[in-house]
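Here's the structure, in structure tokens; my notes come after.
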Amino acid sequence: MSDLSTLPDGLDALEARLRQDLAWLELPAKSWVPPRVIGGQPVVDVVIIGAGMAGLAASGMLKRLGVANHLVLDKATAGQEGPWVTFARMRTLRSPKQLTGPAMGLPALTFRAYYEARFGREAWVALDRAPRETWMEYLIWYRQVLELPVRNGVTVDAILPREDGMLDLVCIKDGLKETIVARHAVLATGRDGLGGPFVPDIAKSIGRKFWAHTADDIDFAVLRGKRIGVVGAGASAMDNAATALEAGASRLDMFVRRKELPRINKFTGIGSQGVVHGFAGLPDEWKWCFLNYAMGQQTPPPRPSVLRVSSFPQAHLHLESPISGLEQEGDHVIVTTPKASYPVDFLIFGTGFKIDLSNRPELAAFDPHIRLWRDRFPVPAGMPNAELEGSPDLGEAFEFLEREPGSCPTLAKIHCFNFPATLSHGKLTGDIPAISEGADRLARGIVRALFVADREKHFENLQAFDTPELLGDEWADDETEEPSDLSSERT
Ligand SMILES: Cc1cc2nc3c(=O)[nH]c(=O)nc-3n(C[C@H](O)[C@H](O)[C@H](O)COP(=O)(O)OP(=O)(O)OC[C@H]3O[C@@H](n4cnc5c(N)ncnc54)[C@H](O)[C@@H]3O)c2cc1C
């Protein structure tokens, strides 16, 4: 299949092919959810909060399954959703270029198809990993060609339960408040969607101007000529270290608790359709066992990211160096580890994200009712894990479950489609590889809930349906009363 003449020539041709593929598959399916109006206001069947990759894939799947009356809201301006062109500081994606990610099984919707249509097959062959800006452009294209109903610049400030079992979504756009009534809400709010950046308490011992988290907006230009400390050695820590060095940092010290950098990407290594579809079926103690082990082993930063840092002679790696003290001294900070003390002008925490529902104003009304794993699962001996213990305990369609059964039934209308869903569902939400499978599971679950909730209306429709298949003139009743005696006729 290396015949270049069969490739779509440019994006116009690719889009034409995609339209053709969708038409052949009769997609999107016809819209089927009965419309509702409350107090003169149309009800939206599903509101997806977040128009990053996960929100777009969820929208694509809902559209595909005929749930046309849905919306995707994002506080970011169009094209700025998610980390890719905001706080991500790697040159390319960390994952391999050939992942089909949000393509929903449609070849013409893959990153590869997009890239080849724009730059040609040879460029694809020569490409190592996707540049993050190109990946963002692909997501913008994706949303355009699927005509997804995204509204940008809209912050969902609060989700509130309604007496009628639906949800009020209090939104802010351009300083104005608008309330949307929704039957279901999907949190596609990203890596920190149930919490925020994690920074160790020790950071409180120094002024805020001396430090940032990797997810912050950092002005690297002002770090030129400065001594920079980086805490942690994950992918984001490396990317930030490299960006600081490239911006002209005079010295960089990276502080790592471990004896050595993790080298093997365990969970990705065993990736398969079995893991994608089978994880959710594991007994709880086995889910715990898999993730606790994988987290303990940690994910190594990509090799190119480490080489990007280590190529600078002024970059110093300090292993077995947890920070035991931070002290402000004039215009700089002294970082103390069990090995030595280091003066730095600025410190960057590459310490990841945490689950902390109290950090998410949009969930405040539901927070006390959301069941976490720690609320019902006895942690297996020898495997304590604060992050897993704080993970939400989710139902089959990623819906939250109640801590006290019956205390907040509306919770079942809120679906947690972001990274913290991993313990319940496996890696279907937090990164690229299986996002379509995750969106498929989510959308099917919502379709089932909508159909069941509207059963009376669907039954009414069944009774009222009167479009004839037969017109009555196809075959008439045999009017003879007695069957003719064929045997006597024969004699
Ligand atoms: C720096 C970085 C690099 C990564 N690189 C890779 C990689 O190479 N490969 C890989 O597989 N994975 C990678 N990941 C992991 C994952 O793929 C990304 O985090 C990805 O962006 C997840 O998509 P998402 O849609 O879940 O979240 P996001 O892309 O973060 O989108 C969430 C959106 O929700 C919006 N939002 C949040 N709250 C509200 C609200 N209340 N109202 C309105 N809008 C709201 C935000 O504005 C945001 O646009 C990376 C993650 C990070 C942080």
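Laid out as a table, the results:
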quantity	calculated
Leading residue by the ranking (most open to solvent (accessible area, probe 1.4 Å)) among those in the stretch 145-167 that are within 14 Å of the ligand (Cβ to nearest atom) and of a type outside the set (Val, Ile, Thr)	Arg151
Of residues in the stretch 119-144 being away from the ligand (no atom under 13 Å from the Cβ) and closer than 18 Å to Arg64 by Cβ, the one most open to solvent (accessible area, probe 1.4 Å)	Gln144
Number of the exception - Thr86 against (1) exposed (fewer than 15 other Cβ atoms within 10 Å of the Cβ); (2) of a type in the set (S, T, N, Q); (3) without any contact (Cβ under 8 Å) to a residue 40 or more places away in the chain	(3)
Breaking point among (1) closer than 30 Å to Gly101 by Cα; (2) open to solvent by less than 90 Å² (accessible area, probe 1.4 Å); (3) assigned to a helix (DSSP H, G or I), for Ile432	(3)
Verdict on Leu245 being within 11 Å of the ligand (Cβ to nearest atom), touching a Leu at 6+ places or on another chain (Cβ under 8 Å), modelled with pLDDT of 95 or more and not aromatic (Phe, Trp, Tyr)	no
Qualifying residues in the stretch 218-231 (those that are assigned to a loop (DSSP other than H, G, I, E, B) and more than 13 Å from the ligand (Cβ to nearest atom)) - the one most open to solvent (accessible area, probe 1.4 Å)	Arg224
Spans of strands (runs of 3 or more DSSP E) in the stretch 249-365 with at least 3 residues closer than 26 Å to Gly438 by Cβ	353-355
Unique match (being touching a strand residue (DSSP E or B) at 6+ places or on another chain (Cβ under 6 Å) and under 23 Å from Ala439 (Cβ atoms)) among Leu106, Leu167	Leu167
Strands (runs of 3 or more DSSP E) wholly inside the stretch 95-199 that include at least 3 residues being farther than 26 Å from Leu423 by Cα	150-152, 154-161, 167-173, 176-187
Residues located in the stretch 62-82, provided they are within 6 Å of the ligand (Cβ to nearest atom), in a loop (DSSP other than H, G, I, E, B) and open to solvent by less than 40 Å² (accessible area, probe 1.4 Å)	Ala76, Glu81, Gly82
Filter result (farther than 24 Å from Val145 by Cβ and out of contact with any helix residue (DSSP H, G or I) (no Cβ under 6 Å at 6 or more places or on another chain)) within the stretch 17-40	Pro35, Arg36, Val37, Ile38, Gly39, Gly40
Single unsatisfied condition, His415 versus (1) in contact (Cβ under 8 Å) with a residue 40 or more places away in the chain; (2) within 29 Å of Phe267 (Cβ to Cβ); (3) in contact with a Lys or Arg (Cβ under 8 Å, 6 or more places away or on another chain); (4) not β-branched (Val, Ile, Thr)	(3)
Any chance Phe349 is aromatic (Phe, Trp, Tyr) and in contact with a His (Cβ under 7 Å, 6 or more places away or on another chain)	yes
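The values are calculated or read from the model by the stated rules, or taken from the named source; none is laboratory data. Treat the numbers as computed from the prediction; the structure is a model and nothing was measured. All Cβ positions, glycine included, derive from the backbone under ideal geometry; neighbour counts span all protein chains shown. Surface areas here come from the heavy atoms of the whole protein model, side chains and all, with no ligands, DNA or RNA. Shrake-Rupley method; radii C 1.70, N 1.55, O 1.52, S 1.80 Å.
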